Each structure stands twice: as C-alpha cells, then as structure tokens.
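Here it is, the structure in full.
The values are calculated or read from the model by the stated rules, or taken from the named source; none is laboratory data. Bear in mind the structure is a predicted one, so any value in this text is a computation, not a measurement. Glycine gets a Cβ as well: all are built from the backbone with ideal geometry, and neighbour counts include every protein chain shown. Just so you know, the surface numbers come from the protein's heavy atoms only, side chains and all, with ligands and any DNA or RNA stripped out. Shrake-Rupley method; radii C 1.70, N 1.55, O 1.52, S 1.80 Å.
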Amino acid sequence: MSSDTVDPVVETATGKVRGAPNGHGGSVFRGIPFAASPVGRSRFAPPRPHPGWTAERACVRPGPAAPQWPSRLESVLGTRVPDWDEDGCLNLSVWTPGDVDPTAARPVLLWFHGGGFTSGSGGWDWYDGARLAVLGDIVVVTANYRLGPLGYLYLPEIGAANLGALDQAAALRWVADNIAAFGGDPERITVGGQSAGAFSALALATDPATGALVRRVIAQSGPWRMPPMDAPAARDMTESYLRILGIAADGRIAGRLRELPVGRLLAAYARLMAETGRPGSMEPPMWPVLGGPGTPRPFDQAVAAGALRGKQVLLGWTAAEMGAFFAFNPAIQLLSWEKAAAFGVTRERADADYPGATPAQAVSLALGEHYFAAGAREIADMLAAQGNPAHLYRFERGPAVDPDGIGACHCAELPFLFGTFDAFPNAPMLGEIGADDRELATAFGGALAAFVATGSPNGSGLETWQPYRGDGAAEVRGFGVPTRQR
C-alpha cells in the first residue's frame, strides 16, 4: 500500500518507530532518539546509547531542539517560537522519497544545521527534507546536537569536551547502523551542513574516528577562517563562564553545573556573548576545541594529509555572506573609511575590488570573502592538487527589494535547497517569491541531491557543472541572478 495512505513502521536497533506520509509521496519519521537524554548526570557528559522502548513509538512530530538562546540572525531569517527541551533533544528525523523499502539501498544525506554552535534545530520546518528526498531519490536525515555551553563547554576533567561534536558522531553512527531499515544505503552516506553544520560535516569526514563512515561531503558557507579553538583559549572562556555563574572551579564543579536550571546556564552564556563579542567578529564564545573529540587536527592539515582521499566534496558560499550579520548593525553601517581600515579595508582596495561600495558594504564583502569563500577555495585547491577536484558554487540570489543591503547573505540558499519557502514567512533575506525562484530551487536542490546520489551535481535536466581544478573562476558555479546591494 502507498505511503500516502498508511503510516509506515520501521524496526530500529532500539525499537519500532511509526512515521507518517510526508506530503510528497514518501514518508517521514520525526524526533527519533539517537542517544539518551543528556539530563541529570548525563549533562556535560558524552552521549550515551538510548535504552530503547518496547511499544511502537510514534515519531510523527518534531522532537525538541537543544536548549538555546535566540539566534543573532533573527533579523534576517525571521523569528521562531522557542521549542527547546534538554530532555529528548538528541533526536533526528528521516525522510524517504517513496514507500519505505528496506531493499532499496538509496544514497543518504545526513545534514546538520548551522547557528554558530549556539542555536538551531534539525527538526525545524526550515529543513524539511521531503522535497529534497524526491529530487534525488535519496534518504534525507537531519539531526540535533548540543549547543552553546551544553555542547562546547571545555572541562575535560568532568567529561565535557566537544560534546556537540560527539553528538554528531553518535548521529552518524546511528545512521550507519539503522538507515538500511528505512531503505538507505549505509555505504553511501553524505554528511552535509551549513555554517556550523558545514564545519561539523568536514570534521566528521576528516576525523579518523568517523571518516570511514562518510562517502561524500557537502559544506555550505563553512566558516573556514574560524579554526577550532585552542585549549588555553577555551580554558579562559570556561573560567569566564564559571565566574558569571558564580561557581568555583573545585571538586564540586560537575555537580553544581548539573544541578543548575538550564535557563540559568543559557542566560550566563548570553552574558558571556555580550562580554566577549566585538564588531566584525564571527566567533561564538565556545565552539569545537582543537585536539578534542572530532577535531584532532586543523582542517588544512587533515585535507593536505589526504583525509578526504576517495571522498567527493562540494563546497559553496553566498555572494554577500556578512549581510546577515552587518545589515542591521549600526557599528558597521556607520563606518567611515578611516575606521574601515581596522578591518583591513582601505578606500583604494574597495575602489579596486568593490567599485561604488560604501565603507560598510566594502567591509561586509571583504569579510565574507575572508571567512567563507577564500577558505573554501583553499580546500578546493588542495583537493585539485591531489587529483580529487571538488565542486564549488556561489549563491547569488538576494531579495529583489533590499533597502537594508542584506544581499545574498549567509543562509540565503537554505529555502532553495529544501524548497521550504513557506517556512520563512517573515524572513527579510528572502523577500517575495516568484516563478524564477521556484525554478532556482529545483536547479540548486536538484544539483545537490544529484551529488548525494552519484557524487556529481550533474544529471538529467541539470546545467553542466564542472569540477574546480584551481585555474579559473568559471569553475565556480553561480546560482541565482546577482542583486545589487542598496
């Protein structure tokens, strides 16, 4: 019987899960636990296996997000109603393109959300994978991981080190162990993500502990010039956080951190962000620490040493990444050319690289190139030199009416990848949607889905996309019509 009329049931290693039709001719299973709840003694501890369940578990609604403060990008993405809960936050969702068929062995995309390691959820309707699954005849999985201090507090003496990265690894292992029952092929897993999720996807692909499970990588707007924290800096940030909480670094620290209400942990982190933030900075107070789980060495060293050998890679960025961070930031918008020089942008450079740009526009474009595009090209250059060329894209579609100069900003491609325009009703970065935008979504989502399926973004009905070989900008595929920043 068709998945449009029957709720599908799948047997996982921890128990049976019941899904629902996904509205696109396939099935969806939402909020499946991939690890035990990180509460009580499991807070600030590595993820533990879920104990399982005996009765059939209804997985028809999104699971809770990980505890978090509101995103700093709500001004361009639109606001969301908080839906987090520490209990049950380690969950994932699975979309199939048709009836659940354990013999289908379809390629799999495991995709991680962005949010600066501080906000976001794989369960949000922004990342509904139903349409993407159909575009490529693939199985799509989105997963949560712990965020902010709950995911990236650095106190290895109590077991707290890169816990969010360990959650992501647990999700990957769950997929490898269980996805065949949903019709997925565990030998053809692509890890993907945007922003912090791109950083995480590349970490999973290059870490010897998880790399063997990864066949392909999609990294969208990865902050490649934001390297993992070094341990001393992470220690200093932890000390500042404990000071705000009023907790002494003694033998009782673990118990005190686990007893506090989670809301107090988040409020202290928000204060830490306010104390440590500075204009033009991309770094959150806490993110993955070099040498910890998931990031044993810097990405450039890992890639140069051949950590991506045999894996297909697709990397991209947007044309105006920093518009998401700077368009509504008066400290940036009121910059003079004299103050722009503090960001490495002189008027002479701007005249050469960004003719007609204001100081704010020039700084925004230059930092976008620095944090996102330049690092992606460097990775691609290394891969091309190894005979394993990547595919690169630049997403150029911004809102047609753009008085604030948002442009094709960070996150601008997400509604086009998933085809979830209706999930962004109040997003200034999107603006009005027309027929051309729906065609762009089919082209962009179709190319990335084809890459998951075959290792190439080329296919029937898709424009030819050549791999990047390090000898010309023409090898960077443009998506969307560029819009002038106003």
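Taking a virtual spin label 7 Å from the Cα of Asp177 along the C-beta vector, which residues in segment 82-99 bring their backbone nitrogen under 20 Å of it?
Correct set: 88-95.
With 24 Å as the cut-off, how large is the P(r) tail for segment 371-481, expressed as percent of Cα-Cα pairs?
Value for segment 371-481: 31 percent of Cα pairs lie more than 24 Å apart.
Suppose R0 equals 25 Å; then what is the FRET efficiency for Ser240 and Ala331 from their Cβ-Cβ distance, rounded to the nearest 0.05?
E(calc), rounded to 0.05, equals 0.65.
Rank by packing, highest mean first: peptides 402-413, 306-317, with packing defined as the count of other Cβ atoms within 10 Å averaged across residues.
Going by the mean number of other Cβ atoms within 10 Å, highest first, we get 402-413, 306-317.
Another question, then. Apply the Karplus parameterisation 6.51 cos²θ - 1.76 cosθ + 1.60, with θ equal to phi minus 60°, to every residue of segment 80-97 and state each ³J(HN,Hα) to the nearest whole Hz, in sequence, with x for glycine and proline.
Once θ is set to phi - 60°, the couplings for segment 80-97 become 10, 6, x, 9, 8, 7, 4, 6, x, 6, 8, 9, 9, 10, 10, 10, 10, x Hz.
Still on this model: Using mean Cβ contacts within 10 Å as the protection proxy, how do 85-98, 35-48 order, highest first?
85-98, 35-48
Further, regarding this structure: Could you work out how much longer the chain between Thr79 and Arg349 gets when fully extended? Use 0.36 nm per residue separation minus the Cα distance between them, nm to one decimal.
Values: separation 270, 0.36 × 270 = 97.20 nm, distance 3.64 nm.
Contour length minus the Cα-Cα distance gives 93.6 nm.
Once the Cβ-Cβ distance between Glu338 and Arg278 is put in as r, and R0 is 25 Å, what FRET efficiency do you end up with, to the nearest 0.05?
Values: r = 18 Å, r/R0 = 0.72.
Once the sixth-power term is evaluated, E becomes 0.90.
While we're here: How do the peptides 130-137, 152-159 rank, highest first, by the average count of neighbouring beta carbon atoms within 10 Å per residue?
The most tightly packed comes first, giving 130-137, 152-159.
Now for a separate question. Enumerate the calculated ³J(HN,Hα) couplings along segment 456-461 in order (Karplus 6.51 cos²θ - 1.76 cosθ + 1.60, θ = phi - 60°), each rounded to whole Hz, writing x wherever the residue is Gly or Pro.
9, x, 9, x, 4, x
Tally the DSSP beta bridges in the chain and give the antiparallel ones as a percent, rounded to 5.
That works out to approximately 35 percent antiparallel.
For the pair Ala105 and Ser460, what calculated FRET efficiency results from E = 1/(1 + (r/R0)^6), where r is the Cβ-Cβ distance and R0 = 25 Å, to the nearest 0.05?
Efficiency, rounded to the nearest 0.05: 0.75.
Just going by the charge dipole of the chain, with Lys and Arg at +1 and Asp and Glu at -1 on Cβ, which of Ile189, Gly398, Trp69 is farthest out on the positive end?
Trp69
Can you give me the accessible area per residue for the chain, using a 1.4 Å probe, in Å²?
On the way: 18670 Å² over 486 residues.
Accessible surface, normalised per residue, equals 38 Å².
To the nearest Å, what is the center-to-center distance of segment 381-431 and segment 155-192, using C-alpha atoms only?
26
Taking all protein chains as present, what is the carbon and sulfur share of the accessible area of segment 9-479, in % to the nearest whole number, probe 1.4 Å?
Values: 9000 of 17500 Å².
Answer for segment 9-479: carbon and sulfur cover 51 percent of the accessible area.
Then there is this: Provide the gained length on full extension for the span Arg18 to Arg252, in nm with one decimal, where the gain is 0.36 nm per separating residue minus the Cα-Cα distance.
80.0 nm
Could you grab the relative contact order for segment 378-470? Cα pairs under 8 Å, six or more apart, rounded to a whole percent.
33
Could you give the distance between the Cα centres of segment 43-84 and segment 90-143, to the whole Å?
15
Grab the DSSP H runs of the chain that are 4 residues or longer, score each as -39,500 (n - 2.57), total them, divide by all residues and round the 222 nm result to the nearest 500 deg cm²/dmol.
Estimated from H runs of four or more residues: -9000 deg cm²/dmol.
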